[in-house]
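Below is one structure; the comments refer to it alone.
The values are calculated or read from the model by the stated rules, or taken from the named source; none is laboratory data. Predicted, not measured: the structure shown is a model, and the values here were computed from it. In case anyone asks, the SASA skips ligands and DNA or RNA and just uses the protein heavy atoms, side chains included. Shrake-Rupley method; radii C 1.70, N 1.55, O 1.52, S 1.80 Å.
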Amino acid sequence: MVDMSAARVIAAFAALGAAVIHLASAPDHYGEWWPAGVFFYAVGAFQIGWAVAALRWPGPVLMLLGLLGNAGVIAMWVVSRTIGAPVGPSAGVPEGVSRVGITAVAFEAVVCLVALWHVKRRNPRGFASSLRAVVVVGAASAAVVGLTLPAVDTALSHSHGTAGESAPHGHEDDDGHGAEPEKPPAPSGGEANAGESSPGSSESEPGELPSSEEPTGPGHDDEPHGH
């Protein structure tokens with residue numbers, strides 16, 4: 001016969017795992033639409049409170065509350081993945097199925113099954129031995145942690161990636177890293193002509209003889225002299 005206390009401990013740890021996933025996913029949903037983020041925070045707080053209470057006061061009312069609350073969260077997840085959420089900026093648009101959501105739903109399904117069984121039996125009792133209690137708590141905590149950490153890491157990575165994409169970099173426009181140096185403008189036609197004519201150019205000023213012509217005086221021509 002299955003120990004109901006062991007099942008209750010497993011349900012409590014499952015609720016804690018689902019709560020951690022919801023709290024890790026809340027900032028991303030809050031950035032998209034703040035009522036959705038508030039809902040995720042509220043679900044996480046409810047599941048933590050239920051898990052703590054289930055370990056100390058495992059009454060039928062508390063189990064029924066856990067059953068209804070977690071079943072409602074599962075129903076909302078199914079609706080949002082099939083026909084889309086009824087309200088919000090993405091109303092009527094189905095969301096994608098991810099490992100984060102599947103892990104949270106699996107934890108919530110465990111809570112619902114144990115709570116339903118507990119409500120029907122209504123005879124809670126303690127562990128048969130301390131050794132069984134230690135084994136059940138250790139196994140439940142290890143299983144929940146092993147499934148929760150990858151889901152939380154995925155949820156946090158998605159949140160950080162969305163925040164990083166909202167601020168585009170402008171290195172190419174602002175700081176000019178890797179840009180080619182600007183070339184000086186080409187001289188205009190007037191400047192080019194002015195630069196070509198300098199005091200030492202081949203053109204002579206008025207009143208000066210060309211350097212290639214020598215002055216000739218009387219008796220100094222090319223004809224032979226009559227000496």
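Tabulated results
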| item | result |
| --- | --- |
| Estimated vicinal HN-Hα couplings, Hz - the range 93-107 in sequence order (Karplus 6.51, -1.76, 1.60; Gly, Pro = x) | 10, x, 8, x, 8, 10, 5, 4, x, 5, 5, 5, 5, 4, 4 |
| Largest-first ordering by accessible area, 1.4 Å probe, given options Arg81, Arg121 | Arg121, Arg81 |
| Accessible surface of Trp33 - all protein chains present, 1.4 Å probe, nearest 10 Å² | 90 |
| Amide proton proximity set for Trp33, modelled H, under 5 Å, gap of 5+ | none |
| In Å², nearest 10: area of Ile74 left accessible to a 1.4 Å probe | 40 |
| In Å², nearest 10: area of Val144 left accessible to a 1.4 Å probe | 20 |
| Over the range 61-124: Kirkwood hydrodynamic radius from C-alpha pairwise inverse distances, Å | 12.8 |
